[in-house]
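Structure first, commentary second.
The values are calculated or read from the model by the stated rules, or taken from the named source; none is laboratory data. All figures in this text were calculated on a predicted structure; none of them were measured in a lab. Neighbour counts run over all protein chains shown; Cβ positions are idealised from the backbone, glycine included. Ligands, DNA and RNA are stripped out before the accessible areas are found, and what is left, the full protein with its side chains, is counted by its heavy atoms. Shrake-Rupley method; radii C 1.70, N 1.55, O 1.52, S 1.80 Å.
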Amino acid sequence: MEKKITVTGNIQLPLLTLREGKWFVVMTPALDLAAQGKTFEKAHENFEITLKLFLEECLVQGTLEQVLEE
């Protein structure tokens, strides 16, 4: 049986947006996460998805508190 958890809240992270050739890259050194896209908007959209998946996996693994403290 799959268990679903819904968590809402705000998190503030420093974001860097870089242009690498034809791609935009968005990254946060705070969590060592990055995503890319062919446009600025798509890169940020992809980063939001990446961040969501990362935080969800931290919840599943029981490591969210540890990750956010680092």
Check: Say we look at region 49-70 and pick out the residues that are under 15 Å from Pro14 (Cβ atoms) and assigned to a helix (DSSP H, G or I); which of these is most open to solvent (accessible area, probe 1.4 Å)?
Finding: Leu68
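With the structure loaded, tell me whether Leu16 is in contact with a Ser or Thr (Cβ under 9 Å, 6 or more places away or on another chain) and either aliphatic (A, V, I, L, M) or surrounded by 13 or more Cβ atoms within 10 Å (Cβ to Cβ) (or both) or whether it fails that test. Outline the logic, then answer.
Details: in contact with a Ser or Thr (Cβ under 9 Å, 6 or more places away or on another chain): yes; either aliphatic (A, V, I, L, M) or surrounded by 13 or more Cβ atoms within 10 Å (Cβ to Cβ) (or both): yes.
It is true that Leu16 is in contact with a Ser or Thr (Cβ under 9 Å, 6 or more places away or on another chain) and either aliphatic (A, V, I, L, M) or surrounded by 13 or more Cβ atoms within 10 Å (Cβ to Cβ) (or both).
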Check: Mind checking which pairs have a first residue in region 11-22 that is more than 13 Å from Glu48 (Cα to Cα) and of a type in the set (Phe, Trp, Tyr) and a second that is at pLDDT 95 or above and in a loop (DSSP other than H, G, I, E, B), Cβ under 6 Å, 6 or more apart or different chains?
Finding: none
Item checked: Residue that is surrounded by the most Cβ atoms within 10 Å (Cβ to Cβ), among those in region 22-37 that are of a type in the set (A, V, I, L, M) and assigned to a strand (DSSP E or B) -> Val26
Margin query: Of everything in region 38-47, what is open to solvent by less than 90 Å² (accessible area, probe 1.4 Å) and touching a Phe, Trp or Tyr at 6+ places or on another chain (Cβ under 7 Å)? Give them in sequence order.
Written below: Thr39, Ala43
Item checked: From the options Gly9, Gly21, residue that is of a type outside the set (A, V, I, L, M, F, W, C), at pLDDT 95 or above and over 13 Å from the mean Cα position of the chain (by Cα) -> Gly21
